[in-house]
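> Dropping a structure here in structure tokens format, bear with me for questions.
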Amino acid sequence: FGFFPIFWQFSCFFHSFLGFLLFFAIFRLFFILFGFFSYFLAFFILFSYFSGFFLFLGIFHTFFVLFGFFPIFQFRLFSLDVVALYDSLSHDLVFRALDDAIKECRPEWSEEFCQWMMEMVKLSFDSAVVKFDDKWYTSKTGVPTGGIPSVDAGNISVYFVLKNVIYEANPERLLSFVRFVDDGSGTWNGSLEDFMVWFSSVRQQCHEVYGLDLTFETQKIDQYAQFLDIRFKFSDGKLTTDIYKKPTDANRFLEFSSCHPRHTFPSIVFSQALRYRRIINDDQLLESRLSELRQFFIASSYPSRLVDLALDRVKGLERVLEYRNKKADEGNLSDHLDPRP
């Protein structure tokens, strides 16, 4: 139950410091009064006292937890995803979201400019046509995947929906929530049943009001959850991060026999290894994942010497998360090794 580990830590401290002083004083007193046999008697009394005292604390705390005086923390990690975002977005939702974003973030824009921008976005959506069997078709729902304004429109629309459904509601048990376009992740303080009730309500609102559907995954806080290409968990108060790959990932890269400039191949190896370095925060786990990555490149016909050179270079780098401009004197990996035998 909840806080019992705190009592245990307190007992360890008590035994190591105050307990030592108390044991020493009582042992000396018993030795003076009763002789050598007093050591066994004093030990028995003090052991019984400490055992009974901390057993009492455990029972006392359990009683208060059962009657709701002390909270039980059940932290969970979760991730959510908008299903088929660009195919599901209605034009009406996009323009409502754009109008809301302009009022919130760019109130100084003139009405004429806002109207012109809306017309340009609509023109882009309406211009998305496809030809099939010598006939031209326009889409009835959704926005064109790959269209110039589509990603921004999708990002603004998802924010608009989640603001109304999650952010403004600000549920007490939702400790944190982050989002990148249509992917989100957060921390929940409560049972799985509590989370399911909350998520079902969020999903129902998104579907009925905005025409979007959500999927989710949730794990206990000490088990891996996924956000974008990262797996993360908390164990003993420490964050552990790892690479996430979809089960369908074939772990294949540009074949070394492909006709590309020679600097392309060491750059691919280095950039992938550097990505591992940035995401994985445990050195032992990083070593294991880089060994796996090495085998993936070998399977794509990359020379082992080229792969090892790139990996060794990454292993010698510090883990830096901020964007850093490359110095002019750093050079390229291809300057040090000709990747072709």
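Taken together, the values in this text are just the output of simple stated rules run on the coordinates, not laboratory data. Note that this is a predicted model, so its numbers are computed, not measured. Positions of Cβ are generated from backbone atoms using ideal geometry, with glycine treated the same way; all protein chains shown enter the neighbour counts.
> Stretched out fully, how many nm does the piece from L228 to M120 gain, at 0.36 nm a residue minus the Cα gap? Before the final figure, lay out each step's value.
Details: separation 108, 0.36 × 108 = 38.88 nm, distance 3.13 nm.
Result for the pair: 35.8 nm of gain on full extension.
> What's the extension gain from I298 to S191 if we count 0.36 nm per residue and subtract their Cα-Cα distance? Present the calculation step by step, with values, prior to reporting the outcome.
Values: separation 107, 0.36 × 107 = 38.52 nm, distance 4.52 nm.
That pair, I298 and S191, stretches by 34.0 nm at full extension.
> Under a Cβ-Cβ cut-off of 10 Å, what is the net charge of the residues other than L214 that fall near it, where Lys and Arg count +1 and Asp and Glu count -1? Mind dumping the intermediate values first?
Values: positive: R203; negative: D81, D182, D213.
For residues surrounding L214, the net value is -2.
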